[in-house]
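**Q** Structure incoming, see below.
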Ligand SMILES: [Cu+2]
């Protein structure tokens with residue numbers, strides 16, 4: 001573990017129930033470099049913690065898109 005973690009909130013579009021949020025968490029936590037993903041269906045956001053040396057935000061957003069949703073970084 002490098003101990004370096006970056007946190008980012010993403011706004012998610014396309015979720016229609018709480019299991020969509022769980023599906024996104026599982027997809028993201030399968031990615032090497034992602035430490036934690038917490039998706040809220042109610043808030044339509046994902047809070048993701050990742051090691052920027054191992055995985056980029058573009059890869060995270062692509063994985064969400066692959067699962068059938070869209071993601072936009074919240075600044
Ligand atoms: Cu759903």
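**Q** Any idea which residue in segment 57-75 is surrounded by the most Cβ atoms within 10 Å (Cβ to Cβ), counting only those that are under 12 Å from residue 6 (Cβ atoms) and in contact with a helix residue (DSSP H, G or I) (Cβ under 9 Å, 6 or more places away or on another chain)? Spell out how you get there, then give the answer.
**A** At the first step, the residues of segment 57-75 found to be under 12 Å from residue 6 (Cβ atoms) are 57, 60, 73.
Those still in the list that are in contact with a helix residue (DSSP H, G or I) (Cβ under 9 Å, 6 or more places away or on another chain) too: 60, 73.
Working: 60: 23, 73: 11.
So, considering only residues that are under 12 Å from residue 6 (Cβ atoms) and in contact with a helix residue (DSSP H, G or I) (Cβ under 9 Å, 6 or more places away or on another chain), the one surrounded by the most Cβ atoms within 10 Å (Cβ to Cβ) is 60.
**Q** Pairs under 7 Å by beta carbon, first residue on the phi > 0 side of the Ramachandran plot in segment 7-27, partner within 13 Å of the ligand (Cβ to nearest atom), six or more apart or different chains?
**A** That search, which allows pairs on different chains as well, returns 14/68; 14/69.
**Q** Can you name every residue in segment 38-54 that is farther than 12 Å from residue 7 by Cα, surrounded by 14 or more Cβ atoms within 10 Å (Cβ to Cβ) and more than 11 Å from the chain's Cα centre (by Cα)?
**A** Within segment 38-54, 41, 44, 54 qualify.
**Q** Restricting the search to segment 7-37, which residues are assigned to a loop (DSSP other than H, G, I, E, B), surrounded by 12 or more Cβ atoms within 10 Å (Cβ to Cβ) and within 16 Å of the ligand (Cβ to nearest atom)?
**A** Correct list: 14, 15.
Laboratory data are not the source of any read-out in this text; all were calculated from the coordinates shown. Please read all numbers here as calculations on a predicted model, not as lab measurements. Cβ sites come from the backbone with ideal geometry, for glycine too, and all protein chains shown count toward neighbours.
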